[in-house]
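Read through the structure below, which is laid out as structure tokens, and then see the notes.
The values are calculated or read from the model by the stated rules, or taken from the named source; none is laboratory data. Nothing here was measured: the structure is a model prediction, and the numbers come from that model. Ideal geometry is used to build each Cβ from the backbone, glycine not excepted, and the neighbour counts take in all protein chains shown.
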Amino acid sequence: MNKNKFPLPHLNKIKRLRIPENRDLSKGLRLNRNEKVEGWPKDFLINIYKSKPDYFMSIYPDLSSLYKKISIHDKVRESNILVTSGIDGAMKTIWEVYTKPGDRIGVPGPTYAMYSVYSNIFKTKLIEIPYKFDSFKLDRKKLKKFIDSKPKILFFPNPNQPIEDTFSLEEIKNLAKETHKNGTMLVIDEAYLYFGAKSAISLINKFSNLIIMRTFSKGFGMPAIRLGYMVSCKKNMEFFSKTRFAHETSSLSAAVAEYTLENFEIIENYNNEVIISRDKIKKIFTDLGCRCHGQLGNYLLIDLKTQKTYKKILKSFDKEKVYVKSNFSAPWNNCILITVGPFKKMRKFIQVIKKNL
């Protein structure tokens, strides 16, 4: 028996599992994790590596070029940016630096599972602001009540998943005003930017309580490089930067990110295909009599109405190796969430749906 006692016994109550892939990645259709449905060309990474000098992998990362390219892309100063390990890294940095046990943290719910994980790790109280099942809208009255209670932080995915109710730039501006007045940090999670939503990045120097979190996983279609960043006013970034790693990411991840920033038209072309496909698929479900929600992300939430239909369709998906996100809590338990790819990639999914509805 290990006699050493860890100084944070509350971590014993947190369950973290390494979930095996369990997907046929070569023959299956990946629609369950909001990833880029279409693969990257095989020579993509090779060409990036070939463009680098022979000492590229032999030296520690120099991220000055990455910071510069993000700065140019987002029209902000380098001093407004902190590179992180995806949005997860930004979330952890904010919790680590800005909270203490017992602080009240808000987030729309249901949402990304890591919000709950970090809240448990740092012993804060996570309060979910619910969505209305009949309208797929965030409960505005409960959101206002939460802000009026002067919480420590409001994390706000815009758009959120699995349930999307995207706020306009003017609505985000009003949120920033209200939270600033109450001494609350407002953190906008823009993971699903580039599929139609508007960014709030233009507001960072107008509101000292505003932080933007970005990732290369969704809109850029590169979750494998585990790269993101946070953007805020210079004073905030000076504070958050004190806890950064010696090197925020690897040279290889930085090189891939730089390439996509330099060749952003590749990203835009793919995302435009996704937007066209999303609208076509929504119409198909509407014509079939199903509620299908989502208009500014790379995903759709589909209400299959009954458990009988839900189970029947999931069984067919399993047989055809079509992977979707399911197992939501009530009242969303008859719903599935699908990642949207180019329409040509979605044909198998559509065939299964039409066969079973």
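Return the total of residues in the range 164-198 being within 18 Å of the chain's Cα centre (by Cα) and free of Cβ contacts under 8 Å to residues at least 24 places away in the same chain.
Summing the residues that are within 18 Å of the chain's Cα centre (by Cα) and free of Cβ contacts under 8 Å to residues at least 24 places away in the same chain in the range 164-198 gives 1.
Give me the residue from the range 71-115 that is surrounded by fewer than 17 Cβ atoms within 10 Å (Cβ to Cβ) and in contact with a Leu (Cβ under 9 Å, 6 or more places away or on another chain) and, out of that set, farthest from ASP165 (Cα to Cα).
Top of the filtered list is ILE72.
Can GLU273 be described as touching a residue at least 60 places away in the same chain (Cβ under 8 Å), assigned by the TED database to the domain that holds VAL37, part of a helix (DSSP H, G or I) and of a type in the set (Asp, Glu)? Explain how you work it out, then say what you get.
Values: touching a residue at least 60 places away in the same chain (Cβ under 8 Å): yes; assigned by the TED database to the domain that holds VAL37: yes; part of a helix (DSSP H, G or I): yes; of a type in the set (Asp, Glu): yes.
Considered against the rule, which asks whether it is touching a residue at least 60 places away in the same chain (Cβ under 8 Å), assigned by the TED database to the domain that holds VAL37, part of a helix (DSSP H, G or I) and of a type in the set (Asp, Glu), GLU273 comes out as yes.
Here is a yes/no grid of residues against (1) over 24 Å from VAL256 (Cα atoms); (2) among the aliphatic types (A, V, I, L, M):
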residue	(1), (2)
SER71	no, no
VAL76	no, yes
SER79	no, no
ILE87	no, yes
THR93	no, no
PRO101	yes, no
GLY106	yes, no
GLY109	yes, no
TYR115	yes, no
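Restricting to the range 165-181, what's the tally of residues that are under 25 Å from PHE133 (Cα atoms) and either not aliphatic (A, V, I, L, M) or not in a helix (DSSP H, G or I) (or both)? Lay out the reasoning, then the answer.
Within the range 165-181, the first condition is being under 25 Å from PHE133 (Cα atoms), and the residues that meet it are 165-172, 174-175.
Next cut, either not aliphatic (A, V, I, L, M) or not in a helix (DSSP H, G or I) (or both) only: 165-168, 170-171, 174.
Residues meeting the conditions: 7.
Regarding the range 117-130, can at least one residue be identified that is closer than 23 Å to HIS293 by Cβ and either surrounded by fewer than 20 Cβ atoms within 10 Å (Cβ to Cβ) or of a type in the set (Ser, Thr, Tyr) (or both)?
Within the range 117-130, one or more residues are closer than 23 Å to HIS293 by Cβ and either surrounded by fewer than 20 Cβ atoms within 10 Å (Cβ to Cβ) or of a type in the set (Ser, Thr, Tyr) (or both).
Collect the residues in the range 220-260 that are part of a helix (DSSP H, G or I) and charged (D, E, K, R), keeping them in residue-number order.
Going through the range 220-260, the residues part of a helix (DSSP H, G or I) turn out to be 223-225, 234-243, 251-260.
If the condition is that a residue be part of a helix (DSSP H, G or I) and charged (D, E, K, R), then LYS234, LYS235, GLU238, LYS242, GLU258 are the ones that fit.
Looking at PRO151 and the list (1) in contact (Cβ under 8 Å) with a residue 12 or more places away in the chain; (2) out of contact with any Pro (no Cβ under 9 Å at 6 or more places or on another chain); (3) part of a helix (DSSP H, G or I), which single condition is not satisfied?
(3)
Being within 16 Å of TRP40 (Cα to Cα) and touching a Gly at 6+ places or on another chain (Cβ under 8 Å) is the filter here, so list the residues in the range 227-254 that pass it.
none
Which one of ILE266, ILE284, ILE275 is over 25 Å from the mean Cα position of the chain (by Cα) and surrounded by 15 or more Cβ atoms within 10 Å (Cβ to Cβ)? Break it down stepwise before answering.
Working: ILE266 fails: over 25 Å from the mean Cα position of the chain (by Cα); ILE275 fails: over 25 Å from the mean Cα position of the chain (by Cα).
From the options ILE266, ILE284, ILE275, the qualifying one is ILE284.
Whether any residue in the range 61-83 is in contact (Cβ under 8 Å) with a residue 60 or more places away in the chain, assigned by the TED database to the domain that holds LYS235, more than 29 Å from LEU175 (Cα to Cα) and touching a His at 6+ places or on another chain (Cβ under 6 Å) is what I want to check.
There is at least one residue in the range 61-83 that is in contact (Cβ under 8 Å) with a residue 60 or more places away in the chain, assigned by the TED database to the domain that holds LYS235, more than 29 Å from LEU175 (Cα to Cα) and touching a His at 6+ places or on another chain (Cβ under 6 Å).
If ASP54 meets every condition in (1) over 30 Å from ASN327 (Cβ atoms); (2) in contact with a helix residue (DSSP H, G or I) (Cβ under 8 Å, 6 or more places away or on another chain) apart from one, which number is that one?
(2)
Looking at LYS218, LYS198, which one is among the charged types (D, E, K, R) and either in contact with a Cys (Cβ under 8 Å, 6 or more places away or on another chain) or surrounded by 20 or more Cβ atoms within 10 Å (Cβ to Cβ) (or both)?
Numbers: LYS198 fails: either in contact with a Cys (Cβ under 8 Å, 6 or more places away or on another chain) or surrounded by 20 or more Cβ atoms within 10 Å (Cβ to Cβ) (or both).
Sole residue among the options that is among the charged types (D, E, K, R) and either in contact with a Cys (Cβ under 8 Å, 6 or more places away or on another chain) or surrounded by 20 or more Cβ atoms within 10 Å (Cβ to Cβ) (or both): LYS218.
Could you tell me how many of the residues in the range 40-51 are within 30 Å of the chain's Cα centre (by Cα) and either over 13 Å from VAL256 (Cβ atoms) or not aliphatic (A, V, I, L, M) (or both)?
7
Within the range 318-328, which residues are out of contact with any strand residue (DSSP E or B) (no Cβ under 6 Å at 6 or more places or on another chain) and modelled with pLDDT of 95 or more? Please lay out each step first, then the result.
Pass one, the range 318-328, residues out of contact with any strand residue (DSSP E or B) (no Cβ under 6 Å at 6 or more places or on another chain): 318-321, 327.
ASP318, LYS319, GLU320, LYS321, listed by residue number.
Would you please name the residue that is surrounded by the most Cβ atoms within 10 Å (Cβ to Cβ), looking only at residues in the range 20-55 that are in a loop (DSSP other than H, G, I, E, B) and among the hydroxyl-bearing types (Ser, Thr, Tyr)? Before the answer, list the steps.
In the first step, residues of the range 20-55 are kept if they are in a loop (DSSP other than H, G, I, E, B); the result is 20-28, 32-42, 51-55.
Pick out the ones that are also among the hydroxyl-bearing types (Ser, Thr, Tyr) and you get 26, 51, 55.
On the way: SER26: 7, SER51: 10, TYR55: 7.
Only one residue fits best here, namely SER51.
Among the residues of the range 9-19, how many are surrounded by fewer than 10 Cβ atoms within 10 Å (Cβ to Cβ) and either farther than 30 Å from VAL352 by Cβ or in contact with a Cys (Cβ under 8 Å, 6 or more places away or on another chain) (or both)? Give the derivation first.
Of the residues in the range 9-19, the ones surrounded by fewer than 10 Cβ atoms within 10 Å (Cβ to Cβ) are 9, 12-13, 15-19.
In the following step, the residues that additionally are either farther than 30 Å from VAL352 by Cβ or in contact with a Cys (Cβ under 8 Å, 6 or more places away or on another chain) (or both) were identified as 9, 12-13, 15-16.
Result for the range 9-19: 5.
Restricting the search to the range 124-139, which residues are part of a loop (DSSP other than H, G, I, E, B), farther than 24 Å from LYS100 by Cα and out of contact with any His (no Cβ under 8 Å at 6 or more places or on another chain)? Steps first, please.
First, the residues of the range 124-139 that are part of a loop (DSSP other than H, G, I, E, B): 124, 133-136, 139.
Filter again for farther than 24 Å from LYS100 by Cα, leaving 133-136, 139.
Within the range 124-139, PHE133, ASP134, SER135, ASP139 meet the criteria.
Assess whether LYS355 counts as being surrounded by fewer than 19 Cβ atoms within 10 Å (Cβ to Cβ), in contact with a helix residue (DSSP H, G or I) (Cβ under 8 Å, 6 or more places away or on another chain) and free of Cβ contacts under 8 Å to residues at least 40 places away in the same chain.
On the way: surrounded by fewer than 19 Cβ atoms within 10 Å (Cβ to Cβ): yes; in contact with a helix residue (DSSP H, G or I) (Cβ under 8 Å, 6 or more places away or on another chain): yes; free of Cβ contacts under 8 Å to residues at least 40 places away in the same chain: yes.
It is true that LYS355 is surrounded by fewer than 19 Cβ atoms within 10 Å (Cβ to Cβ), in contact with a helix residue (DSSP H, G or I) (Cβ under 8 Å, 6 or more places away or on another chain) and free of Cβ contacts under 8 Å to residues at least 40 places away in the same chain.
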